[in-house]
Each structure stands twice: as structure tokens, then as C-alpha cells.
1. Can you pull out every residue in the stretch A:194-244 that is open to solvent by 10 Å² or more (accessible area, probe 1.4 Å) and within 22 Å of the chain's Cα centre (by Cα)?
2. Which is touching a Gly at 6+ places or on another chain (Cβ under 6 Å) and either of a type in the set (D, E, K, R) or over 23 Å from B:Thr99 (Cα atoms) (or both), of B:Lys271, B:Lys241, B:Lys258?
3. For residues that are open to solvent by less than 80 Å² (accessible area, probe 1.4 Å), assigned to a loop (DSSP other than H, G, I, E, B) and more than 18 Å from B:Gln263 (Cβ to Cβ), tally how many sit in the stretch B:432-453.
4. Given B:Asp89, B:Asp47, B:Asp83, B:Asp76, which one is within 14 Å of another protein chain (Cβ to nearest Cβ) and among the acidic types (Asp, Glu)?
5. Is it the case that some residue within the stretch A:173-181 is open to solvent by 10 Å² or more (accessible area, probe 1.4 Å) and away from chain B (no Cβ under 14 Å)?
6. Taking A:Val78 and the conditions (1) open to solvent by 40 Å² or more (accessible area, probe 1.4 Å); (2) farther than 16 Å from A:Arg318 by Cα; (3) free of Cβ contacts under 8 Å to residues at least 24 places away in the same chain, which numbered condition does it fall short on, given that it satisfies the others?
7. For the stretch A:294-315, give me each residue that is open to solvent by less than 50 Å² (accessible area, probe 1.4 Å) and either more than 21 Å from A:Ala19 (Cβ to Cβ) or in contact with a His (Cβ under 9 Å, 6 or more places away or on another chain) (or both).
Amino acid sequence: MTPTIPTALDTRVKSAREALDAWVREIVSWHFDPATGCPFWLDYAKRLDWDPRREIRGYEDLGRLGYFQDEWLRGGPVRRWVPRAYADRPVFIFETGGSTGVPKSRISIDDFRTDYEAFSATLPDEFFPRGADWLMVGPSGPRRLRLAVEHLAQYRGGICFMVDLDPRWVIKLIKMGEIDMAERYKQHVIEQGLTLLRAHDNIQCLFTTPKLLEALCEKVSLKKIGIKGVFCGGTEMTPQFHRFAVEELLDGVYFAPTYGNTLMGLAVHKPRVPEDNFAVIYYPPAPKAVIEVVDPDQPDRVVGYGETGRVRLTTLTREFFMPQFLERDEAEREPPCELYPWDGVRNVRPFSRFQSKVVEGVY
Amino acid sequence: MLHIPLLRYGKPYRSLDVVRVPHYRTREPFVEISQANAGLIRRDLLDLDGTRQRLANFPSAELLKICENAAELFLDSPLPLGDGVQTPDDYVQQVSATTGLPYVLARKNMHKIHKVMAEMRAVLGGLTRNLDLTVLDRGFGTVAGQELSFFARGNSLGVVLPSNSPGVHSLWIPAFALKVPLVLKPGSAEPWTPYRIIQALIGAGAPPEAFCYYPADHSGGGEILRRCGRGMVFGDVGSTKLWQGDSRIEVHGPGYSKLVLGQDAVGDWEKYLDVMVTSIVENSGRSCINASGVWVPAHGAEIAQALAERLSRVVPRDAEDPEAQLAPFADPSVAERISDMIDSQLEGATDVTAQVRGSGRLATHQGCGYLLPTVVHCPDPEHPLANREFLFPFASVVEVDEAEIPRALGPSLVLTAITENQKLIDRLLASPFVGRLNLGAIPTNHIQWDQPHEGNLFDHLYARRAFQRAMAS
């Protein structure tokens, strides 16, 4: 048998993995240390007959903590998630879900800034010019996007104009069969966005959701009105939408799709190449987050590259530790690439087994 | 694998979003269908006004000629299908593959569609009450000394179509001849017929831009109905409820078609057994014009017994068998659910076919699930199965006091009344709940194409305006 010679990518994948294992040890030490950790994990550790700080030596060992349950994030006391090391720092609370019942809450101090500053580095200055102003048209309110997009704009030297859309109301309207009212609400949001675009010449960058992007482009050519780059996220994005946006909506305006997630952070889209045929491929901000694709019936088994499975997220920051959370999404597992030498995901969409229970709104 | 693209103003477009529909028997993927995203539909439909104007510029006589020529192409010629070609035999086999319809029934439906296109002049005559169509060309005209002017109520007709039977497509074709562009969302299991009709019309000289064809999910269908000036939607009560109050949309739900025998005729019921059987079983009971009820003032048990004896002879056969009368359910679990529902509501009524057959209505043939024809005898009109409609040959024989007819019947898309009792006839003529009234022994599924169907398409698409002139034409 001919021995396999490691490629440069193999080497980088190996290094990334080593960095992840080292980061896992650091984060576990932090969250399970009585001086720095948060009450939730310190209480959790008391119920274990082993010490995570000693026995978790790398990413694979996180499985010993079991799957992170989303119920843990619903309801209070929310301060149980604040690390003791940050007890004196101002704390933000970001919510996800919540169209019915109690939303999931995640505390944040600086993570959203760190994430979006890292994301900023992936945006080409030609299309997201430094000093240009931004328009954010989408769900703000209790969501991380409220502050994150504004921080991104400010970090790049711009000012962010905001138009809010309340997705919980949209979902309610759809469930009530009030489709026309949902449409009128969407138009109300779009009209506010258009007014700002027409009034402020220096708005050159846009954040919005796929459906709002479609609705904006029905009214105006974003290119003609001065937009150079669009950062798009917030809901599922299909390859067909990606293609439609690039070929028919944007007329050369740069398109940066993202897979944002309040619990995990912001996953960056792999730059578009023809052979990907508009597949929407995301890579997490390693080592602070890991996205895996697992067998839905055996969620400790990662599926093979190209295979479909349920998305499993892990968040590893000093502010928030969330090991192996089974998301309500499915995707194909994507191999590491030059730019991101760790696993990614392709074509994330709502988990098909839950589909009848999930209503995607117009936002 | 076969691929069916979208048609965006007649131009094929292969979407990255596809749905694979299985063959009903093998369950293996049979055809891949491009799916339109809702945003694409919305964006395309911004251009409908111009398309309507260009189609309106075609003289009606030319559009009628195109329909006549298209009829022959539809029936006899190879036509484009995606990147390939579809012969008439391919079409029959493909319809059968995804809907389960036996070849013989697919062919019958094919002839029905052919007839509508070939006789479009007569169809429009029926819809317009023999209006001289040059009135539509000019926008006004004089007919029998009276000035007339019509305007289109909308720039297009959007249609959300079902999968139950190809014959239903005959309903929207006249819109083309009436100069109204068509935006079609085919049923998920029956993409074939609207695509072939469009190709036949284009092949005969129709401007391709007159046709948009968007296989899509429910949200895509909703966009079509919201964005087109006029619409038609086919579906069950639940899926069409949203559109019931929208005057732009013609809702085609269950037909609840029936036969009624008056007191004066019911003694001779045996003479009408063939009409009853035909009304119930033709086209495998899949049409809204199939009878789902036989309402009689007497002899209910005997009629139910005789019908059951006749209908229990109808059994599943191979798709290729010229004697085949029954279609299987492409999804066998649907058959099971329907059968369970009937059984759960049977108390107080009798499944006479089950007694005659000595077995239940679920059957398997070549690995496929069928529902065998079912006749239920209901002693009174209030029974939960008295006024129901299912996607297979099912009929309730209901005993009702003649004086209660038509009040007790509820809405009926087609009602065949076998009676010479003028009082009963008068009551039926006065009823707003009868869509099509057949007086005499006419099967409910017998269609005369110069008569409107479930609303008048011309009235749906056009309105008459008051018009006076004091100038030379």
C-alpha cells in the first residue's frame, strides 16, 4: 500500500483540530472553575462523580456532558448563565424563538462584538466600503441582530439605520390565516426601508432577510439606489434563492449569505465558486463554535461528508458554554476547505421531522 | 430521469429546487420537477400587464384557430417535454405513472381535452351566450342592434390545479382563447397535462409568453392567486377556505354531485341503474362531477343492494388493461385513512358493498393500494355519510322525503333529477345550490361543452360596461 502524503490542507486541518482541543480544555477549565464559571455549570458539576476540568482533554470528551437541552435556556433565573468572572460587567440578553411559549435566552457581554468583528474581516471592502453607512431591515427587538449589525457598521466606520420587523407577529398572522395582513405588514417595513435608502446617499451596505430582500428588489434596483453589498441571513436560504438573488435580484451587488444563530454565533459563507452550483455552504467561527452533522437517530454519530443529518452545535466562549446542542435544522456535512480547515455545513434547512410544526414567516 | 422545468412566459427554466415524484407502483423516483421559489413567481408576475396587452391584440379568430390546431397536436403529436420529446403514448403512461390512473382512463381524459380545444368556438359560444367575439377584439360592438362593451377584469388567470384527473384542465383552456394569459401551478402528481396543453398551444402558434407554469409549494400557489387579476383554485375544503371570500378567485372544492329520483319515477328505479352506475364509477370516481349520492323517497335499500351488486364487480386491474376502471392511490396510506374514516362513521348506516363482497373495501393489486367501490345505505339525510365525497367510487343511497328536496341536499355541483313532477322541478330550478341541473336520465358526469361549469369562465374573466357612442366606428 502506498503511504498517503499529507497535503497542506490535511496539515491545516490537523492544526485546527489541535487548536480546538486546546481551546476546549481552556473553556472547560474556565466554566467549571468556581472562581470564573457560571452557576449553571458549577451546579451541574456537583452532580457529576467526575471532574470535567481533569477529564475533558479535548473536543471528543465533551460527549461525556451529554446533549445541551434547549429547555435549560427557557425561563430564569437568567443570571445562572453569567460567569462569575464577569459578574460586574453589563450583560445583554438575546432571545431566539418565542412565537409561542417562552423564548430561549442567551446572555452576552462581548461575544456578539467579537463575532461580528471576525465576520467583518470576511467582507470585501470594495463592496462593503469602510466608512459607508448601513441599513438594517429585519428582526431586531430581543434578537442579537439588533446590536450586532449596528456594531458591524460602527466597527467598519459607518452608521447603521434600522427598520424593525417583528417575526413573532408575522408568524401569528400566518397561523391565523391573515396572509393579506402579513403582506401589508411586510410592505410597511419595506416602505420604511425605501424611504431611508432614498434619503441617505451614504447608505451603501444592507443587512436584510431573504424574503425582505425579494420584497425590496420588487420595488427598486438596489444597485441604482447605491447599495454595493448585501449581508443576508436570519432564515433558511436555499440554493435556488441564492441563485435567484445573484442572477436576478442584485444586478452585480455583492451577496454575503450567513447562517446566524443566537446560541452559536455567526457562520460565514464560503465564497461562491461555479462548481458549488449556488449551494449555501457555511463554516463556523472555530474554535469558538463547532457545527457538526449527525445521524438523527444516533446523534453521537457524525455522518460522512456529503451525507444528510441533523445539525449539532457547540459553543465555546468564555461567556457561554453550550456543548452538543441538537438544532432544529438539517444539512449536508461539508469537508474542510482552504479558507476554513474544519467541518462546515451545506444547505441548512428546517429539520424535516419537525417541519409540520415550524412556521417560517415572511421575514 | 425525466425533468420538467418551469415555464417563465413560455421559456423553460431549470430550478435548483426540485421535487421527485415516484411511480405509483414501484415507489421509485419517476420524474424530477423544477420548483419555483415564491420570490421568482412574484418578480415574474410584475410583467403581466404587458403580456395581457399583447395577447389582447391577437384577433379572436386567430386564437380559435390556434386552439383547433393545438387540439390535434395534443392528441396525436410528439411535443416538447423538458429537454426531450413526449409522444401521446408517453403522455398516457406518464400520467398513469404518477397518478395511478389506468391508461384507458388517461386516454379518455385526453380525448376530453382534445374536444374542448377542437370545439373552442362552441365552448366560447356557450360561455358568452354566442357573443360575436369581434366585440372582444375591438372592445365594443353592436349585437342585434344593441351596443355592447366588455373589459377584462384582470390581467391574467392564475390557476392552482389538482392532481386527481386530467379532465379538469379543460376548464382553464378557454381563458387563452379569451385573450387572458395563464399562470398555472400544476398539482404535485400531475404536472403532465398542463405542460402538454401549453406545448400544443405554442406548437400551434400561440405566443409562448402567454403561459407561465410554476410547479411550487403552497406558498407559491398563494403568490399566484394573490398576484393574478383573476384566479381559480382546486382543492378540499381546508385548502381552499382561505379564498372563499375573495371575489377574484373561483373556488372549486368538492362537487357533492347527486342523482335524485322523484316519487313518480322511483318505482321504476331499475330502469335508471345504468345511469347511476355510470355516474358513480366513471373515471374511477375521481371527478367532482361523479355522483356521490343517490337520493330517493323510497326503495333505498333495494337500490343500494342493486348498485352494490353491480359495483362490486369492479375490481383492480393492470394499468394497461382496457377494462380497467379503478385507479390506485399513489400513496397507499391515504387509502387506509379514507377507509378508516368511513368505517368510523358507519354506525346507523350499512356498507352494502361490503356485505355483497363479503370483505372490506381496501384491496391490493400489484403491490398498490385501492379502495373498492362502496355503496352505503343511509336511512336519513342527517347521517354523517349521507353527503360525503371521496376520491374513489363512493355513493350514499339516502332516503329522503321528496318535500325536503332540494333543501336537504345541500350544495350539488351536478344534480341529475329523474322526475316529471313539475313542482319538484320548479324547486330545483329555483335552487341556488344546484350548479348544473340535468333533467332526465343523464349521467352526472355527462358534459355538454356549450354549458358553463361551476361558474362561468367568461363572466369570471370579463365584465360588461355600460357603453354609448356618438361617433362613427
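1. A:Lys211, A:Glu214, A:Gly234, A:Thr235, A:Glu236, A:Thr238, A:Pro239, A:Phe241, A:Arg243
2. B:Lys258 is the lone residue from the list that is touching a Gly at 6+ places or on another chain (Cβ under 6 Å) and either of a type in the set (D, E, K, R) or over 23 Å from B:Thr99 (Cα atoms) (or both).
3. So the answer is 9.
4. B:Asp47
5. No, the stretch A:173-181 contains no residue that is open to solvent by 10 Å² or more (accessible area, probe 1.4 Å) and away from chain B (no Cβ under 14 Å).
6. The number of the failed condition is (3).
7. A:Val294, A:Asp295, A:Pro296, A:Pro299, A:Val303, A:Gly304, A:Gly309, A:Arg310, A:Val311
Here's the yes/no breakdown for (1) closer than 24 Å to B:Tyr24 by Cβ; (2) more than 19 Å from the chain's Cα centre (by Cα); (3) without any contact (Cβ under 8 Å) to a residue 24 or more places away in the chain:
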{"position": "B:Gly84", "(1), (2), (3)": "yes, yes, no"}
{"position": "B:Thr99", "(1), (2), (3)": "yes, no, no"}
{"position": "B:Ile113", "(1), (2), (3)": "yes, no, no"}
{"position": "B:Val116", "(1), (2), (3)": "no, no, no"}
{"position": "B:Arg129", "(1), (2), (3)": "no, yes, yes"}
{"position": "B:Leu133", "(1), (2), (3)": "no, yes, no"}
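The values are calculated or read from the model by the stated rules, or taken from the named source; none is laboratory data. This one's a predicted model, so the numbers in the text were calculated from it and none came from an experiment. Cβ: placed from backbone, ideal geometry, glycine included. Neighbour counts: every protein chain shown. The protein model used for the area step is the full one, side chains on, heavy atoms only, and it has no ligands, DNA or RNA in it. Shrake-Rupley method; radii C 1.70, N 1.55, O 1.52, S 1.80 Å.
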